[in-house]
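Each value in this text was obtained by applying a stated rule to the coordinates, not by laboratory testing. Predicted model, so just to flag it, every value in this text is computed and none were measured. Cβ placement follows ideal geometry from the backbone for every residue including glycine, while neighbour counts extend to all protein chains displayed.
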Amino acid sequence: MRIDVITLFPEFMAQSAALGVVGRAAERGLLDLHGWNPRDYAEGNYRRVDDRPFGGGPGMVMLIEPLRACLAAARAADPAPAPVIYLSPQGRPLTQAKVRELAALPRMILLCGRYEGIDERFLEAEVTEEISIGDYVLSGGELGAAVIVDAVTRVQEGALGDAESAAQDSFEGPQGLLDCPHFSHPAQHEWGAVPDVLRSGNHAAIARWRRQQSLLRTWLRRPDLLDEAGLSKADRILLEQARQAPPE
Ligand SMILES: NC[C@H]1CCC[C@@H](CNc2ccc(C(N)=O)cn2)C1
């Protein structure tokens, strides 16, 4: 998948995509990431990308023309059509379902705002949709863009090796359940012992225990994610059993 990021700080995007799963996916050609800086498309001696807001008030607003020229250059770099996604607190909240939808696209262009915002006329003319990574305000859209790059890349076919894809809990997120607890060495520790079932070698019992823990954890922590109606009979029984069980 090709992702173009329009940002005043392209070096930030390059670094955040150079590590771990995303870095390896990029090396393997699963992700084709490009940064575009509006300042490179700003006219005049000072190459202005922002100016004071009409109507007064604090801060600066990003200007239309540098963004317009920058976006035109990004679009022209590849024939594939691409939605322009603006990261903003006013956007629709990002969910795993949305991540999967975006991951299926051949290409997308992520627009990162700074300062007090972007001239509304540019947003009206060029933005396909706004996405928010949560109900809080950041100093720029770049962290939101990095979140989308990571989340979309790791669901690309082949991005996660066998070991990791086994770890990738396909239940996580609004479509499913929260992850189960994980344990490794030592089996005995002053903070507790690893649950016996995980050391039993009984893979059916282990899978059952993990599913039951995911169900219980989702019910306790995020009942809003748990559509009990959508649960299979086996899941409902597992959850009921876990609810009845005395606390360890
Ligand atoms: N009016 C403030 C606003 C002006 C335009 C630039 C944004 C950048 N900051 C962001 C971007 C996205 C998010 C999020 N929740 O996804 C939070 N913060 C801030």
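The alpha carbon convex hull volume per residue for region 96-248 rounds to 179 Å³. What is the calculated FRET efficiency for residue 162 to residue 244, with r their C-beta to C-beta distance and R₀ = 41 Å, to the nearest 0.05? Efficiency computed from Cβ-Cβ geometry: 0.65.
Sparsely packed loop sites in region 25-121 (the trypsin sites (Lys or Arg not before Pro) outside DSSP H, G, I, E and B with at most 10 other Cβ atoms within 10 Å) do not occur.
Projected label points at residue 73 and residue 207, each 7 Å from Cα along the beta carbon direction, are separated by 5.3 nanometres. Here the Karplus curve 6.51 cos²θ - 1.76 cosθ + 1.60, taken at θ = phi - 60°, turns the phi angles of region 194-210 into couplings of 5, x, 3, 4, 6, 10, 7, x, 8, 5, 5, 5, 5, 4, 5, 4, 5 Hz, with x standing for Gly and Pro. Go ahead and run the numbers for FRET between residue 80 and residue 234, Cβ-Cβ distance against an R0 of 45 Å, rounding to 0.05. After rounding, the FRET efficiency stands at 0.55.
Hydrodynamic analysis of region 177-236 uses the Kirkwood radius over alpha carbon pairs. Inserted into Stokes-Einstein at 4 °C and 1.567 mPa s, it gives a translational diffusion coefficient of 101 µm²/s.
Fully extending the segment from residue 197 to residue 184, taken as 0.36 nm per residue of separation minus the present Cα-Cα distance, adds 3.4 nm. Taking the Cα of residue 11, stepping 7 Å toward and past its beta carbon, and measuring to each backbone N in region 144-162: which are under 16 Å? Within reach of a label on residue 11: no residues. At R0 = 51 Å, how high is the FRET efficiency between residue 135 and residue 39 if r is their beta carbon distance? Nearest 0.05 is fine. With R0 = 51 Å, the Cβ-Cβ based efficiency is 0.95.
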